[in-house]
Structures are given as structure tokens and as C-alpha cells.
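Since the structure comes first, as C-alpha cells, the remarks are kept for the end.
The values are calculated or read from the model by the stated rules, or taken from the named source; none is laboratory data. This is a predicted model, so every value here is computed, not measured. Using ideal geometry, Cβ is built from the backbone for each residue, glycine included, and neighbour counts are taken over all protein chains shown. Surface accessibility is based on the protein's heavy atoms, side chains included, excluding ligands, DNA and RNA. Shrake-Rupley method; radii C 1.70, N 1.55, O 1.52, S 1.80 Å.
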Amino acid sequence: MSERCDEDPLVGAIDSPLKLEIVTYFAGSPAAIDCADGIGMRLGYTGSVVGPLLEELAIAGVLRRSGADRVPIFRLRDCVAVRSLLDLVSSREGRSAMASRMRGGRE
Amino acid sequence: MNRVPTGIAGLDRILLGGFVPGSAVLVDGTPGSGKTNLGLQFVHCGATMYGEPGLVITFEEFSHQVIRDALALGWDLQALIGQRVLRIVPTSPAVFQQEMAGADGLISEMIREMGAKRILIDSVSHFARLCASETERREVFNALVNMLRRSGLTSLLTREVHFRPGLGRDEEVSFEQYAADAALRLSYEPVDETRRARYVEVVKARGQGFIPGKHLFDIAEGGLTVFPNFDPGELTDRTECGAIERLSTGVPGLDDMLEGGLVRGFTTLVAGPAGGGKTAIGMQFLAEGARRGEAGLFVSLRSSSEKLRRQIAALEVELNQPGAAPVRIACEHPAMVNPYRVLESVIADAGERNVRRVVLDSTGEIEQAFNDAARFQQWVFDFVNRLYVKGVTALLLGGPVGSFEPTELASTAIAGIVDGIIGLCNVHARGEIRQGLYVLKSRGAGHSTDVRPYTISAGGLRVVTRRVSVYDE
């Protein structure tokens, strides 16, 4: 069963190029289940760089975080709004629009 | 016994049906040997052919890369993901271990939810990241294998193999091989300076039999095709063990030298110099069979179909006469020859078209494709035995390069493997070159020991029937 969440806050949560990169990674690998170190390594960063951003994306409702008493594990939330977000970042136009928004609307 | 078929053509024959259900199978190999493709095909076939959902755990690739690479082989993994019979899970070894260990782990939950029966873990070499010592690696791997066994999944675990200076690859025995229930070893070996060939070998398989040895395989559209070596157990499948049946060769004078003709189901090497008439003998043999209602197959690994038809026309040998059984000509470019694919197509023709006579031209291309005497001999052994089981009578054209003296021919590597040997030679006698034919070997049957002169003209090759030798006036 899909979870319900609002779309706008999710799009708004993608406020940095690295967050966009993380969400794009999950869009291409929707069943990924990994820790900050693992995701960081795949994207060419360290866990300490991507870790705080993964936490923020979890708080925003894009990702699910588990492993309260262990190493935090991240995966996609399964809901309509997240799927819409993934559709958006999966297209070149969508990514381009989001990148433009991050730059304050400057092309 | 119940088996989990891989769905990979040839591999299930080697495994006598597939893996024991719930096995943890190690697939190790060098880069490019086909480990991931084999694993993906196992999972893909499970979902598409056997109704067994599967999971792909990847520690290095992105899902879209796996999907793209699989699509290049003709497997639409995206569609299977949509049908919820496949999941590709990019993760890290530590996370996998943690989320698979407990019943409430995310991966355990995923397996339960989709009813997964198969899993590919690509590759277990990454577990080394978690370990500070060899002992720890061993413990981690043992725990992984036990965890997989407990889950009831049939698992394929790929592992990278590295060459070590001074240590041949075959000598490397890993602790993973000891711990796994079954172990396959893939290799991608140089044939010569420009070519490589892939082999698969079952190193161990607990609780099941298998065909031993290194078996050639290909990766092409559709995935892997394995070409199993001959299984001696197949000989028991042959039921025609009655009296020896002689088949006319269609070459005037030759049947007389063979005391009635070739023995059904036997393979005879026809060796001789270029232009000696080997192809003519092959064509006459097939034309004779066709006249007698036996379908034939001519496999040329050196001539194009067009050239061959011209050669046949020049010889005036009628291959496809009205009312006769069909004779098929199959040509393959020498540079593209895969000896075991050739053998498989011959066996397939024997089954599907009821082909009873086969001519293969020539052993030289087969030998060149292997560039390895032992493998060439193994192939000839497989050819001879698999055709025997099918009751197919065959001529292998070619033979050794160099002199065609009987003593030299008898000492060639495959002389002991083939059932018969017919030699063609040029003899310098009394100021002229004469062409002579002799029968050097005819297993279990008598034959002439003469070297008899022959001619080639319209209708093909003709052996002089009177008992004169090429040395006579």
C-alpha cells in the first residue's frame, strides 16, 4: 500500500545539487537499500558528505530511514508523491528545471 | 531428485538437471568470463521459465546498468520488475548482511513479500571490505552461506579471481569453494594472439552428479550457451548394438577396399593433400546416402556455399536428386568457428532432420579454433562418440599438415580416436606423380592394405579396382 505525502514539500526538499544527485540515484535504483557510506561510495563521495543530506531527505519524506540502534539504512519511501518526484528527476527537463530553481530561477 | 534448472542451454545437461534446491553456488572467474551474465540468466530464467521470482543483489552496479546490460542480451528485466517477479537491490555488504540476518530485516522482508526462490549476489569479493583478516573473511562467508541456506533460496554468488604470479589459475583453491555447496569456475582463456574462448567447469556439487571437465561456452543474444563435452554415460543410450551394418561410400572401388563399406555410426578421417579429392569423397558419400533415403549434412568450415556448389557442379555429383533424401550444406567462416557450436548443430540436425550421414570439412579449422592439441583431441572424441550414440556415420576431412605417409598419419593425435582412416597420397613413381588411396584403419573390421591408384573425373573419385598398386606399371 502506498503511503500518502504531499508533492510540493518533496520537490522543495531537493535544495542542493548533491541532493538531486542522491534522488536521481534512487530513481535509477528504486530498490536500493544502503547506508550513507555505501550510497556515498557509489556516487563518488564519502559517507560523511552524503550522510547529513540523506537524513534531511528522510525528514522531508523522500527516503525512509531505519536502524535506530544500528547504522542508519536508507531507502525510498513508497508513495505516489515520491513516484512523481522520481518521474520528475528521471527526465532531463525535470532535472534541468530543478537545477534552475536551485540557482534561484537563473538560466 | 528435485533440481533447480538454471535454464542455460547446456549447463543443465552438465549439472544433470540443475542445482540441488537451496544450494549456495559459488561462480568464480576472471574479469569478462561471464559471471554476472550467468547469474542474471539464472534469475531471469527462474522468473520467466520456472515461475520462480528472484532477487539481484549488486554491490557495485546501479540498477539501470544491470537492466541495460541484460537488455543487450535480450532480457527485459524492467518488465519483470514491473510484474514484481524480480528486484535489483544495490546495497553494501554490511547492509546486506544486517538486513538478511534477522526475520525483520529489510531484505528478508523483501524475499518473503515477493516469494523469491532465487538470488544472485554480485559479488562476494566485496565482503573482504568488512574483514581485517583471512580468518574473519572465512567467518563472514560461512555466515553468509548459512544465512542463504536458512532462507531456502537457491543462490548464486559470484567471486572475482585474480592471477597470482607463479600460481596457475587452476591451482587456486579458495575457502569459498570449500564452504559453498557447489562451485563453478569460469575462465576466459587466450586461444592465440587475437582470440579468447570461455570455459565453464563444475568444480564441486554436493549431493549431485555432473559432467566433469572444462566445457566451452558462448555469450551472445539470448545469453549463455554451454557446449558440454561428451558424457560417457550417453553411450548407454545407444540401443543399436546389433550386427555391424556396412554403408556404401558411393566411391567406386572404395567399398571393396573396406570389405563392404563404412560401418554405420562410425567416424572416419579422410586425410590427404589439398586437391587430393577429399571433398569429392565426402560429396559422393552423401549423394550415395541420399539415393538410399538417408538425409545428409555437409559442414564446410573453409569454403563459401557458392564455391562449394561450383565444386559439386564441376564434379558432376548429384546431391539433391528427385526422390532422394535431402542433403543440406552448412558453411561457416573459418574465423568464426566455434567447434562445439558446430557439433551441437550437427547433433541437432541428426535429431530434427534425421540426418544419417555427415561430412565435416575440415579438421584443420577445428584444430586452429582450439590451438590446443588436448582440446582438439577432446573435441574429436566428443564428435566421434556423440555421433555414434545417434547412429550417424561421419567423414572428417582434413588430417595432418605435412606428409601423408601412412606411418605419419597413424601417429597423429586423433588417429586413435577416430574409427577409421582413409589416406590419400601423391606417389612419385617411374617419372610421374600418381594419386593413391589406402585404408589405414577400420575399427573392428577388415580392410585392404593396398595403396590403390585413383582418378577424379565427372562423377567424382574412382578407385582402380584391380589389385594393382600405384607403384606398378
Checklist entry - Which ones in region A:55-101 are open to solvent by 50 Å² or more (accessible area, probe 1.4 Å) and away from chain B (no Cβ under 14 Å)? => result A:Glu55, A:Glu56, A:Ile59, A:Val80, A:Asp87, A:Leu88, A:Arg92, A:Glu93, A:Arg95, A:Ser96, A:Ala97, A:Arg101
Next on the checklist: For the condition within 14 Å of chain B (Cβ to nearest Cβ), open to solvent by less than 60 Å² (accessible area, probe 1.4 Å) and polar (S, T, N, Q), what is the one hit in A:Thr24, A:Thr46?
Outcome noted: A:Thr24
Item to check | Residue tally, condition basic (Lys, Arg) and open to solvent by less than 50 Å² (accessible area, probe 1.4 Å), over region B:199-215 | outcome: 1
Item to check | Wholly enclosed helices (runs of 4 or more DSSP H) of region A:41-107 bearing at least 2 residues farther than 23 Å from B:Gly105 by Cα, polar (S, T, N, Q) and touching a residue at least 12 places away in the same chain (Cβ under 8 Å) | outcome: A:80-90
Checklist entry - Counting only residues that are of a type in the set (A, V, I, L, M, F, W, C), under 21 Å from B:Gly10 (Cβ atoms) and open to solvent by 30 Å² or more (accessible area, probe 1.4 Å), how many does region B:23-63 have? => result 1
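Got a sec? Which strands (runs of 3 or more DSSP E) wholly within region B:90-193 have at least 1 residues that are under 28 Å from A:Arg75 (Cβ atoms) and more than 14 Å from chain A (Cβ to nearest Cβ)? Explain how you work it out, then say what you get.
Details: elements: B:118-122, B:154-160, B:182-190.
Where strands (runs of 3 or more DSSP E) fall fully within region B:90-193 and carry at least 1 residues being under 28 Å from A:Arg75 (Cβ atoms) and more than 14 Å from chain A (Cβ to nearest Cβ), they are B:118-122, B:154-160.
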Next on the checklist: Could you check region B:80-89 and list, in sequence order, the residues that are away from chain A (no Cβ under 12 Å) and either under 32 Å from the mean Cα position of the chain (by Cα) or not aliphatic (A, V, I, L, M) (or both)?
Outcome noted: B:Leu80, B:Gln83
Checklist outcome for this item: Filter region A:29-40 for residues that are open to solvent by less than 70 Å² (accessible area, probe 1.4 Å) and assigned to a helix (DSSP H, G or I); the one that is nearest to the other protein chains (Cβ to nearest Cβ) is A:Gly38
Next on the checklist: If the requirement is being in a loop (DSSP other than H, G, I, E, B) and within 14 Å of chain A (Cβ to nearest Cβ), which of these qualifies: B:Glu52, B:Glu61?
Outcome noted: B:Glu61
Checklist entry - When region B:51-68 is examined, which residues are found to be charged (D, E, K, R) and at pLDDT 95 or above? => result B:Glu52, B:Arg68
Next on the checklist: Just checking, does region B:279-297 include any residue being at pLDDT 95 or above, acidic (Asp, Glu), farther than 22 Å from B:Val389 by Cβ and more than 22 Å from the chain's Cα centre (by Cα)?
Outcome noted: yes
Checklist entry - Among strands (runs of 3 or more DSSP E) lying entirely in region B:331-441, which contain 2 or more residues that are surrounded by 18 or more Cβ atoms within 10 Å (Cβ to Cβ) and of a type in the set (Val, Ile, Thr)? => result B:355-361, B:420-429
Checklist entry - Hey, B:Leu235 hits all of (1) part of a loop (DSSP other than H, G, I, E, B); (2) open to solvent by 10 Å² or more (accessible area, probe 1.4 Å) but one; which does it fall short on? => result (1)
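Go through region B:293-312 and report how many residues are part of a helix (DSSP H, G or I) and open to solvent by 70 Å² or more (accessible area, probe 1.4 Å).
Within region B:293-312, residues that are part of a helix (DSSP H, G or I) and open to solvent by 70 Å² or more (accessible area, probe 1.4 Å) number 5.
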Next on the checklist: Taking the criterion of being aliphatic (A, V, I, L, M), within 14 Å of another protein chain (Cβ to nearest Cβ) and in contact with a helix residue (DSSP H, G or I) (Cβ under 7 Å, 6 or more places away or on another chain), would at least one residue in region B:23-39 satisfy it?
Outcome noted: no
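Table: residues versus (1) within 23 Å of A:Leu43 (Cα to Cα); (2) assigned to a loop (DSSP other than H, G, I, E, B).
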site: B:Gly32; (1), (2): no, yes
site: B:Leu38; (1), (2): no, no
site: B:Ala47; (1), (2): no, no
site: B:Ala70; (1), (2): yes, no
site: B:Gln78; (1), (2): yes, no
site: B:Ile81; (1), (2): no, no
Checklist entry - Mind checking whether some residue in region B:84-98 is in contact with a strand residue (DSSP E or B) (Cβ under 8 Å, 6 or more places away or on another chain), modelled with pLDDT of 95 or more and of a type in the set (Lys, Arg)? => result yes
